[in-house]
Amino acid sequence: EITKEQRALMKAIVDAYNRHQIPQDVAKKLLQEQYSPEENFLLLTEMATSQVQVLVEFTKNIPGFVSLDREDQIALLKGSAVEAMFLRSAQVFSRKMPSGHTDVLEERIRKSGMPEEFMTPMFNFYKSIGELHMVQEEQAILTAITILTPDRPYVKDHQAVERLQESMLVVLRKLCVLQHPQELQYFARLLGRLTELRTLSHYHAEMLTSWRMNDHKFTPLLCEIWDV
Ligand SMILES: Cc1cc(C(=O)O[C@@H]2C[C@H]3CC[C@]2(C)C3(C)C)ccc1N
């Protein structure tokens with residue numbers, strides 16, 4: 001009972017999501033030979049920077065996004081960047097790489113100068129996303145829903161964003177029923193992850209501050225997207 005236009009919306013989002021992937025060379029670098037914490041941090045910086053670039057490209061291809069007010073587009077991107085990045089890296093983390101690699105990546109992230117108290121919530125989130133076994137359509141639409149959250153700071157035209165998000169929530173709900181018929185509350189569980197993401201973004205803000213304090217270098221794009 002997914003209508004023709006809903007199928008078209010889903011296809012546009014999934015194509016955009018798959019078209020804009022993190023360059024494999026960045027992810028692969030993290031898996032190569034042993035690095036020092038400084039080297040690891042530089043690799044994470046490279047990974048985060050390319051994730052933001054991928055996020056911007058994906059967002060521009062969400063149907064209706066570019067017809068929103070320009071300043072609202074910026075507000076939505078800045079407001080959702082962390083959450084979209086964690087969602088995408090959780091999916092990359094739990095799916096893309098053969099299991100052995102995941103431990104290596106986890107090891108690299110753990111030895112990159114990231115504050116210890118941030119690790120646990122981050123890896124718990126990765127695991128909770130992995131356990132959902134989302135299909136790629138669900139991943140793409142859930143990411144689009146996260147980006148089109150109307151109550152981000154400085155968004156002026158709430159209504160316009162709400163209308164776009166609404167149409168995606170409807171599609172996601174239908175998709176969940178089709179893809180996971182046995183799990184009645186699967187859709188609710190998916191949306192529950194978005195709440196977990198907001199908690200993570202608070203940890204992330206502290207992480208940025210602690211890195212700044214220790215004089216870690218960021219790229220201009222990361223400074224711009226997170227006002228650091
Ligand atoms: C300012 C700044 C931010 C990050 C970051 O948010 O990294 C995210 C944390 C994990 C989740 C997404 C990340 C890219 C990750 C996989 C390293 C990494 C380096 C850096 N100089």
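The values are calculated or read from the model by the stated rules, or taken from the named source; none is laboratory data. Predicted model, so just to flag it, every value in this text is computed and none were measured. For neighbour counting, all protein chains shown are included, and Cβ atoms are generated from backbone atoms with ideal geometry for every residue, glycine included. Each accessible area value is taken on the protein alone, full model and side chains, heavy atoms only, with ligands, DNA and RNA left out. Shrake-Rupley method; radii C 1.70, N 1.55, O 1.52, S 1.80 Å.
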0 to 90° range, to nearest 10: angle between helix 186-213 axis and the chain longest Cα axis
30 degrees
Given springs between every Cα pair under 10 Å in a Gaussian network model of the chain, which of Val52, Val66, Val14 has the largest fluctuation?
Val66
In whole percent, and with a 1.4 Å probe on the protein chains, what portion of the accessible area of region 138-203 is carbon and sulfur?
56 percent
What does the accessible area of Trp211 come to, in Å² to the nearest 10, when a probe of 1.4 Å is used?
20 Å²
Could you pull out the longest piece of the chain with no exposed loop trypsin sites (Lys or Arg not before Pro) in it, calling a site exposed if DSSP puts it outside H, G, I, E, B and it has at most 12 other Cβ atoms within 10 Å?
1-155
Helix-only [θ]222 nm of the chain, DSSP H runs n ≥ 4, -39500 (n - 2.57) each, per residue, nearest 500
-24000 deg cm²/dmol
Going by alpha carbons, how many degrees (0 to 90, nearest 10) lie between the helix axis of 158-179 and the longest principal axis of the chain?
90 degrees
Show me the GluC sites (Glu not before Pro) within region 1-36 that DSSP assigns to loop and that have at most 12 other Cβ atoms within 10 Å of their Cβ.
Glu1, Glu33
Leaving ligands, DNA and RNA out of it, rank Cys223, Cys176 by accessible area with a 1.4 Å probe, largest first.
Cys223, Cys176
Cα axis of helix 37-60 to longest principal axis of the chain: angle in degrees, 0 to 90, nearest 10?
20 degrees
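Assign unit charges at the C-beta atoms only (+1 for Lys and Arg, -1 for Asp and Glu), then state the dipole size of the chain relative to its Cα centre in Debye, rounded to the nearest 20.
500 debye
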Low-density loop positions, GluC sites (Glu not before Pro), region 138-228 - DSSP coil, at most 14 other Cβ in 10 Å
Glu183
Dipole check, the chain, charges on Cβ (K,R +1; D,E -1), about Cα centroid: among Gln32, Ile145, Val171 the Cα furthest to the positive pole belongs to Val171
In whole Hz, the Karplus estimates of ³J(HN,Hα) for region 136-141 (6.51, -1.76, 1.60; θ = phi - 60°; x where Gly or Pro) are 4, 4, 5, 4, 5, 6
How much accessible area per residue does the chain have, counting only protein heavy atoms and a probe of 1.4 Å, in square angstrom?
50 Å²
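Compute the Cα gyration tensor for region 74-228, then decide on rounded, prolate or oblate, letting a ≥ b ≥ c be the square roots of its eigenvalues: rounded whenever a/c is under 1.5, prolate when a/b is larger than b/c in the other cases, and oblate in all that remain.
Taking the square roots of the gyration eigenvalues as a ≥ b ≥ c, region 74-228 is oblate.
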What aspartates and glutamates could a cross-link reach from Lys4, if we take a straight Cα to Cα line under 19 Å and drop same-chain neighbours fewer than 8 places away?
Asp15, Glu137, Glu138, Glu166
Set Lys78/Lys174; Lys60/Lys174; Lys28/Lys60; Lys28/Lys111; Lys11/Lys174; Lys60/Lys156 screened for pairs whose C-alpha atoms are more than 21 Å apart:
Lys78/Lys174; Lys60/Lys174; Lys28/Lys60
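When the accessible area of region 1-127 is computed with all protein chains present and a 1.4 Å probe, what percentage of it is carbon and sulfur? If you can, show how the numbers build up before the last one.
Details: 3450 of 6020 Å².
Whole-percent figure for carbon plus sulfur exposure: 57.
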